[in-house]
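The values are calculated or read from the model by the stated rules, or taken from the named source; none is laboratory data. Keep in mind that this is a model prediction, so the values were computed, not measured. Backbone-built Cβ (ideal geometry, glycine too); neighbour counts: all protein chains shown.
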Amino acid sequence: MFHWLEKNPFFFAVGVFLVIAFAGLVEILPNFAEASRPVAGLRPYTVLELAGKEVYKKDNCIACHSQLIRPFKAETDRYGQYSLSGEYAYDRPFLWGSKRTGPDLHRVGNYRTTDWHENHMWEPTSVVPGSIMPAYKHQFTNTADIATAYAEAVTVKNVFHVPYGDDIKAGEKAFDAYKPKILAEAKKVADQMKNKDVKDMVAAGKVPEVVALISYLNSLGRSRYEANKVK
Amino acid sequence: MNALMAKGLLFAAILIGATIYVVNSMHIDLSDPINLITMIGAIAIAVLTVGVSIKYINQMKTDSASGELAEENWDGIGEYKNELPSGWAFSFLGTMIWAMWYWTMGYPVNAFSQIGQYNEEVKAYNAKFEATNKNADAATLQQMGESIFLVQCAPCHGTTGDGLSGKAHDFVDGRISKKQVLAVIKNGSNQLGYQMGAMPPMMAQGKDAEDIATYVAGGMKGKQPAAFAACASCHGADGKGMNGMAANIADYDENLITHVVKHGKKGAIGTMPAFHDRMTPIQIKALATYIKSLRGE
């Protein structure tokens, strides 16, 4: 029946293209669906949180922690409400992860606090006795790269129209003008911490990695969208 | 029987012998059906592999090309017309018909909702949970409370409830500390959503505040300081919070635990997040029972 097709390389190529293109469309089109739009009330990450997200990637938290709560009762009981695709609208890339050596972190901002994270990053077993998570003491002295995080915010604002304010724009001058806001945010986190080095660094106008990371972790979960907040 | 067949049977016999030898030398218990089935499976694989190999090797030796050539050829290399066996063709048609049924009648596109299934499951589970635990006795509540505590509370309050040397409230010691009481008196409190409303800051000052703090932290034993009258108007003379109108400062009760779990709390030690969507009323009751027991009463 199709011997004619086998003798016509051009039409055969067209046929192959059509079949593969169909499979591609099935995978790509859903990303444009309504469900992938930001959920109501979701705000983009602040620059400090973006810097924390970089720390999260750099120290490879994703190797042991997922950020995707599936709609199963066992998961929602432990980690909170199941994840919605619209919650990842400003995640580039999303950090779903695929392995849970440690717990899921998608809603960790709802049930852990700054001081808890401080204790946990310094010495995990001080709060979770059986924990096998390594300590991340270097985060208390390393400086987070807020300039790159700011550049990322500018990029996603210009390219993907992420709704940042007018004060986030390209150029070193704009960054210098914006920096006090980042530091003020970092100070709020550092004020709830006990580590003296961290406080000194923030006072000196530098952002330690742990402050950025905690700010990011606190933003995870429902805290980033106010619409569902329970009064 | 040709030589190939003889070699094949010998090889199969060796494989079976090796399997049985391994099973024996590892002392595998064959009365366990899983082990038995696995061993039979291993023997079947050996026999089938040898049998299929013999069949095709023989076919390669004896078969010759035959059949009708298709019209097209590529640089002299041709292709036989090879009709699809009718069984395959009918099965293929069958899957097509089944696919049409699946899309249109069986599970139409978008008819299945994972979230819907989740909601139904949760609803069914909660109904069952309510039914079984409606009149749970103290021992059941205690046990349930312990498992909730270990999952939700232990990361901050410690697995024993001792607050991990000051990182969170200590339930074993069992009393609010003097520092905590002084902080509440100084800052007031409007966090727990009690009917009585906000507690204003600076209800007592200086020595009065000190006296109250010592008295409350000490378990409200001994003589009540005169300044406690300022507290009694809302918390009651016995400090029990007038039947849930205000916080019970004399004891952990279900009412207090419910309010703290629901609203979270920011105090002298630090911040506790709200766990409002994590527990049902029965679970909070269980948690309260367990927390009360931590004090060793």
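Data table
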{"item": "Qualifying residue in the stretch B:92-111 (condition: assigned to a loop (DSSP other than H, G, I, E, B) and either assigned by TED's automatic domain parsing to the domain that holds B:Ile269 or touching an Asp or Glu at 6+ places or on another chain (Cβ under 6 Å) (or both))", "result": "no"}
{"item": "Lone qualifier among A:Ile168, A:Ile132 - being in contact (Cβ under 8 Å) with a residue 12 or more places away in the chain, more than 22 Å from the chain's Cα centre (by Cα) and in a loop (DSSP other than H, G, I, E, B)", "result": "A:Ile132"}
{"item": "Restricting the stretch B:73-87 to residues that are closer than 18 Å to A:Leu5 by Cβ and of a type in the set (A, V, I, L, M, F, W, C), the residue that is modelled with the lowest pLDDT", "result": "B:Trp74"}
{"item": "Of the criteria (1) of a type outside the set (Val, Ile, Thr); (2) surrounded by 12 or more Cβ atoms within 10 Å (Cβ to Cβ); (3) under 21 Å from B:Glu254 (Cβ atoms), which one B:Gln195 fails", "result": "(2)"}
{"item": "Matching residues in the stretch B:158-190 - criterion: being crowded, with 17+ Cβ neighbours inside 10 Å, touching a strand residue (DSSP E or B) at 6+ places or on another chain (Cβ under 9 Å) and within 14 Å of chain A (Cβ to nearest Cβ)", "result": "B:Ala168, B:His169"}
{"item": "Single residue of B:Glu210, B:Glu297 found to be away from every other protein chain (no Cβ under 14 Å) and at pLDDT below 85", "result": "B:Glu297"}
{"item": "Answer residue from the stretch B:87-120, given it is within 14 Å of chain A (Cβ to nearest Cβ) and β-branched (Val, Ile, Thr) and is surrounded by the most Cβ atoms within 10 Å (Cβ to Cβ) among those", "result": "B:Ile115"}
{"item": "Candidate set from the stretch A:118-146 (those that are among the small types (Gly, Ala, Ser) and touching a Lys or Arg at 6+ places or on another chain (Cβ under 9 Å)); member that is farthest from the other protein chains (Cβ to nearest Cβ)", "result": "A:Ala144"}
{"item": "Tally of residues being touching an Asp or Glu at 6+ places or on another chain (Cβ under 8 Å) and either without any contact (Cβ under 8 Å) to a residue 12 or more places away in the chain or buried (at least 17 other Cβ atoms within 10 Å of the Cβ) (or both) across the stretch B:257-288", "result": "7"}
{"item": "Residue among A:Pro9, A:Pro71, A:Pro44, A:Pro103 that is within 14 Å of chain B (Cβ to nearest Cβ) and surrounded by 18 or more Cβ atoms within 10 Å (Cβ to Cβ)", "result": "A:Pro71"}
{"item": "Verdict on B:Ile148 being closer than 30 Å to A:Val128 by Cα, within 14 Å of chain A (Cβ to nearest Cβ) and assigned to a helix (DSSP H, G or I)", "result": "yes"}
{"item": "Tally of residues being crowded, with 21+ Cβ neighbours inside 10 Å and in contact with a Gly (Cβ under 9 Å, 6 or more places away or on another chain) across the stretch A:118-156", "result": "3"}
{"item": "Candidates A:Asp115, A:Asp59 - the one that is surrounded by 17 or more Cβ atoms within 10 Å (Cβ to Cβ), at the interface with chain B (Cβ under 10 Å from one of its Cβ atoms) and closer than 30 Å to A:Ala204 by Cβ", "result": "A:Asp115"}
{"item": "Residue match in the stretch B:276-291 (condition: in contact with a Lys or Arg (Cβ under 7 Å, 6 or more places away or on another chain), within 14 Å of another protein chain (Cβ to nearest Cβ) and over 19 Å from B:Gln142 (Cα atoms))", "result": "yes"}
{"item": "Neighbours by Cβ (under 9 Å, 6+ apart or cross-chain): first from the stretch B:106-132, among the β-branched types (Val, Ile, Thr); second in a helix (DSSP H, G or I)", "result": "B:Val109/B:Trp103; B:Val122/A:Lys73; B:Val122/A:Thr76"}
